[in-house]
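The values are calculated or read from the model by the stated rules, or taken from the named source; none is laboratory data. Because the structure is predicted, anything quoted here is derived from the model rather than measured. All Cβ positions, glycine included, derive from the backbone under ideal geometry; neighbour counts span all protein chains shown.
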Amino acid sequence: MDTIRIIDTDDLAATLRAGDVDQFWNVLTTEYFGGELIPGSRWVPLDTIGREVSATNLDKSARIVVYCSGKTCPNSRDAAGKLGTLGFTNVRLFEGGLEAWSASGRGVEVLRRASAA
């Protein structure tokens with residue numbers, strides 16, 4: 001899986017500032033997703049990645065960054081592996097996830113889920 005690069009918080013911040021990303025995903029599963037997103041990302045649960053890339057017809061060279069809650073969470077590594085297996089050649093894994101991003105003093109967005117009234 002040479003197509004996957006691990007990046008740290010500063011690399012991610014620089015990547016986002018430079019606009020050097022096509023897709024930026026929080027890949028936490030529904031069970032663990034608490035609504036927090038790093039600004040500029042969107043929620044694509046691990047178990048929906050195959051459908052997501054199929055539905056959006058993503059180019060195999062798309063610049064994709066995936067993350068989850070932190071270093072102990074396997075979701076981002078699993079997502080990066082899945083993307084590599086699907087033939088994507090420019091996948092970056094932000095292992096630190098939400099924990100490292102927040103610990104660095106950077107803010108997160110909270111996704112409001114629709115609830116039954």
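Listing for the model above:
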quantity: Every residue from the range 53-82 that is closer than 23 Å to Val108 by Cα, among the polar types (S, T, N, Q) and touching a Ser or Thr at 6+ places or on another chain (Cβ under 7 Å); calculated: Asn75
quantity: The range 4-34, residues that are touching a Pro at 6+ places or on another chain (Cβ under 8 Å) and among the polar types (S, T, N, Q); calculated: Thr29, Thr30
quantity: Tally of residues being over 13 Å from Ile7 (Cα atoms) and of a type in the set (Lys, Arg) across the range 64-112; calculated: 3
quantity: Single match in Thr85, Thr48, Thr30 (criterion: more than 23 Å from Glu109 (Cβ to Cβ) and out of contact with any Gly (no Cβ under 7 Å at 6 or more places or on another chain)); calculated: Thr85
quantity: Cβ-Cβ under 7 Å pairs, at least 6 apart or on other chains, the range 12-40 side farther than 18 Å from Ser69 by Cβ, far side among the hydroxyl-bearing types (Ser, Thr, Tyr) and surrounded by 15 or more Cβ atoms within 10 Å (Cβ to Cβ); calculated: Val21/Thr15
quantity: Inter-residue pairs, beta-carbon under 6 Å, first closer than 16 Å to Gly34 by Cα and in the range 68-80, second of a type in the set (Phe, Trp, Tyr) and crowded, with 17+ Cβ neighbours inside 10 Å, 6+ apart; calculated: Ser76/Tyr67
quantity: Given (1) in a loop (DSSP other than H, G, I, E, B); (2) closer than 16 Å to Leu28 by Cβ, index of the condition Lys60 fails; calculated: (2)
quantity: Filtered residues of the range 1-33 (kept if under 13 Å from Asn90 (Cβ atoms), aliphatic (A, V, I, L, M) and modelled with pLDDT of 95 or more); calculated: Ile7, Val21
quantity: Only one of Gly105, Gly97, Gly70 that is closer than 15 Å to Thr9 by Cα, small (Gly, Ala, Ser) and surrounded by 18 or more Cβ atoms within 10 Å (Cβ to Cβ); calculated: Gly97
quantity: Selection from the range 1-57 of residues that are hydrophobic (A, V, I, L, M, F, W, C) and assigned to a helix (DSSP H, G or I); calculated: Leu12, Ala13, Ala14, Leu16, Ala18, Leu46, Ile49, Val53, Ala55
quantity: Every residue from the range 65-102 that is aliphatic (A, V, I, L, M), outside any helix (DSSP H, G or I) and within 20 Å of Ser54 (Cα to Cα); calculated: Val65, Val66, Leu86, Val91
